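Let me begin by presenting the structure, written as structure tokens, before commenting on it.
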Amino acid sequence: MAATGARGGANFEDEKVLLMSLRAGDQDAFAWLLDRFDGPLRRAARRYVSSDAVADEVVGDTWLGVIKGLDRFEGRSTLKTWIYRILMNIARTRGVRESRSVPFAAVGGEGDEPSVDPDRFSRDGQWVSMPPDWESQPEDRALAREALDVVRTAIESLPSSQREVINLRDLEGWSSEDVCNALDLSETNQRVLLHRARAKVRRAVEARLGREVGS
Amino acid sequence: MSWVRRMFGRREIVCREFVELVTAYLDGAMDTRTRARVDRHLGACPACTRYLEQFRTVIELTGQLRETDVATVDPVTREELMAAFAATRGD
């Protein structure tokens, strides 16, 4: 049975309850949906179009699309991925007009470079030397901020499919299944994209924060 | 992950291979045998253990970006959307 939520009403974490409430016109349900997903949708939209203003319009149109399309939603995917796909479709149209690339499902052509420079391994495949330790003092807020900046910049310069997967998986915390549904990817392809993205970000952090040997 | 088995056969995993397997390892997307090979390698290789830790750090840092990027609905838009919802879904 559904537990009562904070408002003393239905438990909207349960998607069946949420969907039923939305279809019944429950304002609390829609408010819950807005609060939960508007932020992530705005972050996603900004990745696809050239300005925050346009991103806001895309998100607004997405919510209108959600409201209108609730009856048609068949529940084959989660509400989250369905909403996200509405966003993608709208953003794709705007993106094309603005010549921005919206992520597509292709895995190839984005550089099949290895995660680590092959020179760092001996012929029999072992590390020639330890990966350098990363500068870190937990109390050092400047370092922490710097690390976040490096990560943010590295992610922003990823090819669009890799950027999308790492954003959804590691930033937004989506499951592998939801990401595959949202982006029409096989689990393997999704994992390859994620791995390449993470490896690139790791390289960027190492370049900035890796302690020089002997320093 | 039968392709891993085909590639590695009965050999132990070496560092250059491990760095390509990290995401599959963290996702728990490995068969028991391959996972055991990776665990054995990690137990004997401080370099790869550090590499794995760095990967985990990167994932954690990426997650922290969510908190630094607060995007809230401005009240006007929220009101308009609630009204649109009421108009369409109300009876």
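The values are calculated or read from the model by the stated rules, or taken from the named source; none is laboratory data. The model shown is predicted, which means the values in this text are computed figures rather than measured ones. When we count neighbours, we look across all protein chains shown, and the Cβ atoms used for this are built from the backbone with ideal geometry, even at glycine.
Residues that are more than 23 Å from A:Asp14 (Cβ to Cβ) and either at pLDDT below 90 or not aliphatic (A, V, I, L, M) (or both) are absent from the stretch A:26-33 altogether. Condition first: closer than 15 Å to B:Glu60 by Cα, touching a residue at least 60 places away in the same chain (Cβ under 8 Å) and part of a helix (DSSP H, G or I). Can you find one or more residues in the stretch A:131-140 that meet it? The answer is no, given that none of the residues of the stretch A:131-140 is closer than 15 Å to B:Glu60 by Cα, touching a residue at least 60 places away in the same chain (Cβ under 8 Å) and part of a helix (DSSP H, G or I).
When residues in the stretch A:181-199 are screened for being surrounded by fewer than 21 Cβ atoms within 10 Å (Cβ to Cβ) and farther than 16 Å from B:Tyr25 by Cα, 3 of them pass. Among the residues making up the stretch A:47-84, those that are in contact with a Leu (Cβ under 7 Å, 6 or more places away or on another chain), farther than 16 Å from A:Ser21 by Cα and facing chain B (nearest Cβ under 9 Å) are A:Val59, A:Trp63.
Name every residue in the stretch A:168-215 that is in a helix (DSSP H, G or I) and of a type in the set (Asp, Glu), in order of residue number. Show your work before the answer.
Let us first name the residues in the stretch A:168-215 that are in a helix (DSSP H, G or I), namely A:168-171, A:176-183, A:187-209.
A:Asp170, A:Glu177, A:Asp178, A:Glu187, A:Glu206 - these are the residues of the stretch A:168-215 that are in a helix (DSSP H, G or I) and of a type in the set (Asp, Glu).
Selection of the stretch A:34-46 for residues being at the interface with chain B (Cβ under 9 Å from one of its Cβ atoms), in contact (Cβ under 8 Å) with a residue 40 or more places away in the chain and not charged (D, E, K, R) yields A:Pro40, A:Leu41. Within the stretch A:2-24, is there a residue that is within 13 Å of chain B (Cβ to nearest Cβ), part of a helix (DSSP H, G or I), acidic (Asp, Glu) and closer than 25 Å to A:Arg169 by Cα? No. Close Cβ contacts (under 7 Å, 6 or more residues apart or on different chains) running from residues in the stretch B:41-66 that are more than 7 Å from every other protein chain (Cβ to nearest Cβ) to residues that are acidic (Asp, Glu) comprise B:His41/B:Glu12. Might you let me know whether the stretch A:7-22 holds any residue that is modelled with pLDDT of 90 or more, surrounded by fewer than 21 Cβ atoms within 10 Å (Cβ to Cβ) and closer than 14 Å to B:Thr77 by Cβ? No, the stretch A:7-22 contains no residue that is modelled with pLDDT of 90 or more, surrounded by fewer than 21 Cβ atoms within 10 Å (Cβ to Cβ) and closer than 14 Å to B:Thr77 by Cβ.
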